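What follows is calculated from the coordinates using simple rules that are stated; it is not laboratory data. These numbers were taken from a predicted model, which means no experiment stands behind them. When we count neighbours, we look across all protein chains shown, and the Cβ atoms used for this are built from the backbone with ideal geometry, even at glycine.
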Amino acid sequence: MARTALHFPEALTNEIQLKTEEGQEYIFDAVRKKWLVCTPEEWVRQHAVQYLIALGYSIHHLQIESGLKTGFNSKRSDIIANVGGKPKILVECKAPEVKLSQDTFNQAFNYNNTIGAPIIWLTNGLQNLYWDCAESKQLQQLPTCG
């Protein structure tokens, strides 16, 4: 797979483990501790995980693809960063070729109605949007854990 170069520090990319078996590329999910097919969205998700860890969020308090109910539908959130046992950041990851749009934001906001994280992070690896739900305003960067 030709992986897109993402807008994350190179040091984070260096933390991501990859392997190829029988012509298929795999990426190691450090949170779930298993190898997954390296799809474009998974490539972005693992960069987001490393970025959260670099900001001080504990790998042990990250949840990936947690099930949640939105109305009558069952969905999966990409990443939830928890602090003190409560959701702090809801992360919605898209493949690099997927443009972040109002629909993307609405999807994450709908998920967050169930989760209740004070911050939403939308990323396709090329663009990052951070939203403070309590203040209803865009942030320039994610807060460090603490």
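Quick one: ARG32, ARG45, ARG76, fewest Cβ neighbours within 10 Å first, how do they rank?
Details: ARG32 13, ARG45 26, ARG76 10.
Least to most surrounded, the residues fall as ARG76, ARG32, ARG45.
Sort HIS47, HIS60 by Cβ crowding within 10 Å, fewest neighbours at the top. Present the calculation step by step, with values, prior to reporting the outcome.
Working: HIS47 21, HIS60 7.
So the residues, fewest neighbours to most, are HIS60, HIS47.
On a 0 to 90 degree scale, rounded to 10, what angle separates helix 40-54 from the longest Cα axis of the chain?
The two axes meet at around 70 degrees.
Just from the alpha-carbon atoms, what are the Rg and Dmax of the stretch 33-146 in angstroms?
Radius of gyration, then largest Cα-Cα span, for the stretch 33-146: 13.2, 38 Å.
Under the 0.36 nm per residue contour assumption, what length would be gained going from the current alpha-carbon distance of ASN106 and GLU10 to full extension? Could you put the intermediate results ahead of the total?
On the way: separation 96, 0.36 × 96 = 34.56 nm, distance 3.05 nm.
Using 0.36 nm per residue and subtracting the Cα-Cα distance, I get 31.5 nm.
Just name one of ALA48, ASN82, ALA95: the one whose Cα is farthest towards the positive end of the charge dipole of the stretch 40-134 (beta-carbon charges, Lys/Arg +1, Asp/Glu -1).
Value: ASN82.
Using 7 Å Cα-to-Cβ label points, what is the GLU65/THR20 separation (nm, one decimal)?
Modelled inter-label distance: 2.4 nm.
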